[in-house]
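Down below is the structure, laid out as structure tokens.
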Amino acid sequence: MPAPPASLLDLDADALKNWLSERGEKPFRAKQIRKAIFDGRAESLSDVTTLPAALRERLAAELPLFTGQPVRHQVARDRTEKLLLRFADPSGKTPAHHVECVLMRETGRRTVCISTQVGCAMGCVFCASGIGGVKRDLTRGEILEQVLRLDRLLPPREQDGGRITNVVVMGIGEPLANLRNLTGVLEELTAPDGLGLSPRRITVSTVGLPAQMRRFAELGKPYNLAVSLHAPNDELRSEIVPVNQKTGLHAVLEAADDYFAATGRRVTYEYVLLAGVNDEPHHAAELAELLAGRTAHVNLIPMNDVAELDFAAPGSPATGRFAAILNDAGVPATVRKRKGADIDAACGQLRRVAEREPVSLAV
Ligand code: SAH
């Protein structure tokens, strides 16, 4: 498969210095360029007037800052914003690929949610992203572009609410199936001359791939890990999360325990509540037993409707009861707040619409 067009964001600081020196440019230009991207919120390198005109032209032609095209920008009543980005398909077989990213605002916090793949191979039965499988991994540049485009929607840095405070890798795709590219992105998000976020402000959500969870721990950084559990036993989990047939629940929990031991970060277990499937009090009791004695937190996510799928969220009494059983057993559990409900902010849904109907939308 040919590589997608290179972007400036595919290069780390050293690679950028090399690129510049191969072209007879001074390595200190790398610092100027990175400052313009990460602090100056440049939209394109043509705007960076501290650079010589010839270099600006060369960068614009050979190493564009952004390679995606925003084809939709939605703003919800709660000011959650969602971008649908179109990236070229390197194989040329389909017109283009779409991914989504979301900006969520809460008091004192601006969280962005980013995608790591076009589609997803995991096939969780309730999830919109897996319908149609995975097309390809996103590049490091394409993942970073999502963060930087959302950053440019915020007020100036020095103003209240002007900074991204948290990043959650919970968009389309299985992040740990694209760990190589993700690692480069996380380095830029935490680099002092990048976005400068603390690793403690970054959460990666995985379906639960034990070998990759261990490799993620080996990065040696206190990133938060969220594990999509969705069922308290192997039989049910294998029905809801098909990849469990290969991994098994036990190995997932063991890898999560090892993650906690290595990083000291409390693991979050995500549990999508599907009415009549995994939401009965006996499921909650079994889950409490499974997690008792572990330093864990359960995030209950009422199912977000997906047009093509037949699952529904339980009502709020059943949801509250489920949470209470866990909390009473000493396993901290909270119900995830819904953000951007009026714009289909549940990931994967806008992409599905866009790929069904040709998009020719203004931003
Ligand atoms: N592949 C990663 C990231 C997925 S998205 C993972 O499996 O964790 C983040 C969370 O949203 C996951 O827990 C995922 O299972 C959940 N999710 C997916 N579709 C959903 C839906 N329709 N309603 C509620 N949660 C959903």
Let me know the charge dipole size of the chain about its Cα centre in debye, to the nearest 20, where only the beta-carbon of Lys, Arg (+1) and Asp, Glu (-1) is charged. 1100 debye
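Can you tell me the FRET efficiency between ALA285 and ARG338 if r is taken as the Cβ-Cβ distance and R0 is 30 Å, rounded to the nearest 0.05?
Numbers: r = 26 Å, r/R0 = 0.87.
It comes to 0.70.
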3J(HN,Hα) from dihedral phi, region 321-334, Karplus parametrisation 6.51/-1.76/1.60, rounded to Hz, x for glycine, proline: 5, 4, 5, 5, 4, 5, 4, 4, 8, x, 9, x, 9, 10
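With an 8 Å Cα cut-off and a minimum separation of 6 or more residues, compute the relative contact order for the chain in percent.
Working: 682 pairs, mean separation 56.0, N = 363.
With pairs under 8 Å counted, the relative contact order is 15 percent.
Please give the length that would be gained between ALA292 and ALA61 if that part of the chain were fully extended, namely 0.36 nm times their separation in residues minus their C-alpha to C-alpha distance (nm, one decimal). If you can, show how the numbers build up before the last one.
Working: separation 231, 0.36 × 231 = 83.16 nm, distance 5.68 nm.
Result: 77.5 nm gained on full extension.
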How far apart, in nm, are two points set 7 Å out from the Cα along the Cα-to-Cβ line at ALA275 and at GLU43? 4.5 nm
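Report, to two decimal places, the Cα Rg of region 243-352 normalised by 2.2 N^0.38 Å (N = number of residues).
On the way: Rg = 15.2 Å, N = 110, 2.2 N^0.38 = 13.1 Å.
The value comes to 1.15.
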P(r) histogram, all alpha-carbon pairs of region 97-138 included - 5 Å bins from 0, percent: 6, 22, 22, 19, 13, 10, 7, 2
Quote the convex hull volume per residue of the chain, based on C-alpha atoms, as a whole number of Å³. 144 Å³
Of HIS97, ALA61, LEU176, which is farthest along the charge dipole of the chain in the positive direction, counting Lys and Arg as +1 and Asp and Glu as -1 at C-beta? ALA61
Relative pair counts by distance (%), Cα atoms of region 1-137, 10 Å bins: 10, 31, 31, 22, 6, 0
Between region 324-339 and region 167-222, the Cα center-to-center distance that results, in Å: 25 Å
quick shape note, region 8-62: Cα extents on principal axes in Å, largest first -> 25, 21, 18
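Return the calculated 222 nm mean residue ellipticity for the chain, to the nearest 500 deg cm²/dmol, obtained by summing -39500 (n - 2.57) across DSSP H runs with n ≥ 4 and dividing by the residue count. Each step should come with its number before you reach the end.
Working: 12 runs with 121 residues, N = 363.
So the helix-based figure for the chain works out to -10000 deg cm²/dmol.
With an 8 Å Cα cut-off and a minimum separation of 6 or more residues, compute the relative contact order for region 8-62 in percent. Mind showing how you got there, number by number?
On the way: 32 pairs, mean separation 12.1, N = 55.
Contact order relative to length: 22 percent.
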List the residues, sorted by chain then number, that are 5 or more residues from ARG136 or on another chain and whose placed amide H is less than 5 Å from its amide H. VAL118
Interchain or long-range residues, amide H under 5 Å from THR206's placed H: ALA226, VAL227, SER228
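Over the Cα atoms of region 256-319, Rg to Rh with Kirkwood Rh, two decimal places? Write out the running numbers ahead of the final one.
Numbers: Rg = 14.1 Å, Rh = 13.2 Å.
Using Cα coordinates only, the ratio equals 1.06.
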Whole Å is fine, so just give me how far the alpha carbon centre of region 1-57 lies from that of region 130-147. 22 Å
Sparse-neighbourhood loop sites, GluC sites (Glu not before Pro) in region 115-175 - DSSP loop, at most 14 other Cβ within 10 angstrom: GLU158
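Can you list the trypsin sites (Lys or Arg not before Pro) in region 221-284 that are in a DSSP coil and have 15 or fewer other beta carbons within 10 angstrom? Intermediate results must be reported in sequence, preceding the final value.
Details: sites: ARG237, LYS246, ARG265, ARG266; in loops: ARG265, ARG266.
Passing both the DSSP loop test and the Cβ count: ARG266.
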Under 15 Å between alpha carbons - lysine pairs in the chain that sit 8 or more apart or on different chains: 5
Once phi for every residue in region 64-80 is put through the Karplus expression 6.51 cos²θ - 1.76 cosθ + 1.60 (θ = phi - 60°), the whole-Hz ³J(HN,Hα) values, with Gly and Pro written as x, are x, 5, 10, 10, x, 10, x, 9, 8, 9, 10, 10, 8, 4, 7, 6, 5
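Values quoted throughout were computed directly from the atomic coordinates according to the rules given, and no laboratory measurement underlies them. Since the model is a prediction, treat every value here as computed from it, not as a measurement. Ideal geometry is used to build each Cβ from the backbone, glycine not excepted, and the neighbour counts take in all protein chains shown.
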